[in-house]
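Here is the structure we will look at, set down as structure tokens.
The values are calculated or read from the model by the stated rules, or taken from the named source; none is laboratory data. This is a predicted model, so every value here is computed, not measured. Every residue, glycine among them, receives a Cβ derived from its backbone with ideal geometry; neighbour counts consider all protein chains shown. Only protein heavy atoms, including side chains, enter the accessible area calculation; ligands, DNA and RNA are left aside. Shrake-Rupley method; radii C 1.70, N 1.55, O 1.52, S 1.80 Å.
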Amino acid sequence: MSAHAPIVIVGTGIAAVQAAAALRKSGYAEELILIGAEKHLPYNRPPLSKEVLQKRLPPSRILLRPEIFYSSNRIELRTGAPASRIDRRAQRVELTDGTQIDYAKLLLATGSTPSALPALPIGSADVYYLRSLDDALALRERLTAGCRLGIVGGGVIGLEVAATAIKAGCQVFVIEAAARVMGRAACPELSHFIAQRHRTAGVELRCGVALQRVARCASGWQLTLSSGETLQADAVLVGIGVKPCTTLARDSGLAISEHGILADEWGRTDDPNIHAAGEVAHHVNVFRGRRERQENWLHAAAHGELVGRALTGTVSGYHDPCGYWTDQYDLSIQSAGLPRAEQNVVRGDPATAKFIIYHLDQGVVVGATAVNALSDFRLAKELIKRRRRIAPERLADPEADLASAAQAQ
């Protein structure tokens, strides 16, 4: 390692860019390098399944930061050549093009990669996995009126694409092995509401059935379900979740689990010179009192900023209730804290498509999910952060004052 080695960040997603920005904001003035596998400037991923597919936003409008941000903050971007190896003893990163870069500190913000189905491999004709800008641009060319789109996986990504495809005039069916859609991210009440909205729009939902067999046919794919039903699709989107990109860490001998790179509440790994941030980190969340891995933009942004500041200074440990949002049709859905709990209390009328669901554990508000209810959601986040214990009947009463509970000391 050279005497004046830089801080090197592997990854160019939101966690990586937030970390770099935080380093500069906190006064770090030395050399700073971001390494990315894609050739594009760092960009936002949430619009890929919505605005980009709908052709409402060109790729230039989804950048995380304008190009001048990197030059003005002396952040060197090295894109198009992924990191392939870490030499921990020499404190050096090697890229696929043979370039070697010494580091004083290394931050791994490598994110996640889609989980693949062996029967529908990545790269197969008329099979799509949505993780990158190139994926989105390829899929949107396929979403033309009359296209029969089969979606394997009824999670957030699958349902966002379903809503977009229906708007484009496609025929859409969703295959979900679990008993309900968005089972990991939503309580039963929200799952039921979302499923009804999709069915009303024309999406065919098949829950509680698995994809048993696939066969290539002249018009695309023939999908046979565990129920015995056979469906024909011109194109198939696979959205069955993601897995952390831990190959670099594993090959270098860093401690990992099936959930990601093991990191403490500051993002530190078992190597004092290497940190991990964002979706790849199996990190300690002080607020939740446990180790976990979050797969959403809000966490990646907050965790990246925290770990960036922790690289060169003393900061409080990661303490964020986390959450996610999803836009489907005319629904703006926002969630914070734990989306599944012992008890769910609905405040408002789902028939109006404007309501909030409070999630309680032992009477304490541990999470909330709002549908088209931004002001209620802001208040709910305060209740979550303050760990308020509120009677369910009070939460359910739309006339009851909850602001006083949030403000009480």
- Task: Just tell me which lysines come within less than 18 Å, Cα to Cα, of Lys55; anything on the same chain fewer than 8 places away is out.
- Result: Lys167
- Scalar couplings 3J(HN,Hα) for the range 260-275 by Karplus 6.51 cos²θ - 1.76 cosθ + 1.60 (θ = phi - 60°), nearest whole Hz, x for Gly and Pro, are x, 7, 5, 9, 8, 6, 10, x, 6, 8, 7, 9, x, 9, 10, 10
- Would you kindly derive the ³J(HN,Hα) couplings of the range 189-195 from the backbone phi angles with the Karplus curve 6.51 cos²θ - 1.76 cosθ + 1.60 (θ = phi - 60°), listing them in order in whole Hz, with x for Gly and Pro? 4, 6, 4, 4, 4, 5, 4
- Take the Cβ-Cβ distance between Ala351 and Glu229 as r, set R0 to 22 Å, and report the resulting FRET efficiency rounded to the nearest 0.05. 0.10
- Query: Excluding the sites themselves, what is the longest stretch of the chain that contains no trypsin sites (Lys or Arg not before Pro) in a DSSP loop with at most 15 other C-beta atoms within 10 Å?
  - Reply: 185-385
- Roughly how many Å² of Trp266 are accessible to a 1.4 Å probe, to the nearest 10? 70
- Report Asp401's accessible area, 1.4 Å probe, all protein chains in place, as a number in Å² to the nearest 10. 80
- Message: Given a 1.4 Å probe and heavy atoms of the protein chains only, how would you sort Thr352, Thr79, largest accessible area at the top?
- Response: Thr352, Thr79
- Query: Cα centroids of the range 227-243 and the range 161-177: how far apart, whole angstrom?
  - Reply: 11
- Placing each pseudo-label 7 Å from Cα in the direction of the beta carbon, Asp271 and Gln407 end up separated by a distance in nanometres of 5.1
- Message: Students often forget the sequence filter, so: which aspartates and glutamates lie under 17 Å Cα-Cα from Lys39 once same-chain residues fewer than 8 apart are removed?
- Response: Glu67, Glu76, Asp97, Asp134, Asp135
- Query: Ranked from the most accessible area to the least, with a 1.4 Å probe and all protein chains present, what is the order of Val209, Val8?
  - Reply: Val209, Val8
- Provide the percentage of antiparallel DSSP beta bridges, counting only those with both residues in the range 141-264; round to the nearest 5. 50
- Task: For the range 119-147 and the range 337-398, write down the distance between their C-alpha centroids in whole Å.
- Result: 37
- Query: Using +1 on the beta carbon of Lys and Arg, -1 on that of Asp and Glu, and nothing else charged, what's the dipole of the range 17-141 about the Cα centre, debye to 20?
  - Reply: 420
- Item | Under 5 Å, built H, 5+ apart or other chain: amide partners of Ala281 | Ile261
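When only DSSP loop residues count, what GluC sites (Glu not before Pro) in the range 348-409 have their Cβ near at most 16 other Cβ atoms within 10 Å?
Glu399
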- Task: Could you go through the range 294-300 in sequence order and give the Karplus-derived ³J(HN,Hα) for each residue, using 6.51 cos²θ - 1.76 cosθ + 1.60 with θ = phi - 60°, rounded to whole Hz, and x for Gly and Pro?
- Result: 9, 10, 8, 4, 4, 5, 4
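Give the calculated FRET efficiency between Thr247 and Glu399 to the nearest 0.05, with a Förster radius of 51 Å applied to their Cβ-Cβ distance.
For R0 = 51 Å, the calculated efficiency reads 0.40.
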- Would you calculate a helix-derived [θ] at 222 nm for the chain, using -39,500 (n - 2.57) for each DSSP H run of n ≥ 4 and dividing by the full residue count, to the nearest 500? -6500 deg cm²/dmol
- Length gained, Lys55-Cys207, 0.36 nm per residue minus C-alpha separation, equals 51.7 nm
- Task: Write down the percent of antiparallel bridges among all DSSP beta bridges whose residues are both part of the chain, to the nearest 5.
- Result: 60
- How do Leu41, Leu248, Leu190 stack up against each other in accessible area, from largest to smallest, with a 1.4 angstrom probe? Leu41, Leu248, Leu190
